[in-house]
1. Relative contact order for segment 117-241: what percent, with Cα pairs under 8 Å and sequence separation of 6 or more?
2. Taking 51 Å as R0, compute the FRET efficiency from the Cβ-Cβ separation of residue 87 and residue 39 and round it to 0.05.
3. Taking the number of other C-beta atoms within 10 Å as the exposure measure, put 119, 155 in order starting with the fewest.
4. If you rank 128, 220 by fewest surrounding Cβ atoms within 10 Å, what's the result?
5. If I model a spin label at residue 134 and residue 170 as a point 7 Å from the Cα along the Cα→Cβ vector, what separation in nanometres do I get?
6. Report the extension gain between residue 73 and residue 47 in nm, rounded to one decimal, defined as 0.36 nm multiplied by the number of residues separating them, less their alpha carbon distance.
7. Subtracting the Cα-Cα distance from 0.36 nm times the residue separation, let me have the gained length for residue 211 to residue 196 in nm, one decimal.
């Protein structure tokens, strides 16, 4: 019996080894199968993760755009309110200006209707540097005398005529003469002479006071002439009332 057991031991050993080998092979096959089966699932999970991240970014971008849109709407609303307030203020200013202009037009209509009753009661001339339209100290001093007379004669009106010499193009000289006359008018208005009492015209290089062939003559022609006109009937009535 002992010999029989020894005879079967090698065979038993071989069977056991074969079983182990088959088990190992089966384990490897199972792992490969599992990997094959789970690989598509893992790919799908990765795709879901990527899509989730994309959706999260899209939601964040949408929120930022929404916040920016709300801020822009708020700013636009504030701007609209400010513009409406400015428009209202401008409308009030225009209305006030229209009332003032209406009064000036009525005064002008009366002046034009009685123009033949006006006569010259004063005059002045202010001079300018070459190609300049700003007032010199001497010009302002001369205008101050005109202002004093106009304040005393409340019925007086003023004729303002701007001139240049013949240096430069005629079209430019016409504009320069108007700028010089405007400088005089602005100074008068700044000293409480009402605009409707002033009649302005720029005549360019026309009507020279002196010859433009000499330096002294051209210097004299760079000027603004002022004429004070008074309504004789109104002045007489005012004096009678006093």
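No lab work stands behind these numbers, since they all come straight from the coordinates. The model shown is predicted, which means the values in this text are computed figures rather than measured ones. Backbone-built Cβ (ideal geometry, glycine too); neighbour counts: all protein chains shown.
1. Reported relative contact order: 41 percent.
2. Details: r = 71 Å, r/R0 = 1.38.
Given R0 = 51 Å and the Cβ-Cβ separation, E is 0.10.
3. Numbers: 119 11, 155 19.
Sorted ascending by nearby Cβ count, the order is 119, 155.
4. Lowest count first: 220, 128.
5. Between residue 134 and residue 170, the simple spin-label model gives 3.1 nm.
6. Here the answer is 5.5 nm.
7. Working: separation 15, 0.36 × 15 = 5.40 nm, distance 3.38 nm.
Result: 2.0 nm gained on full extension.
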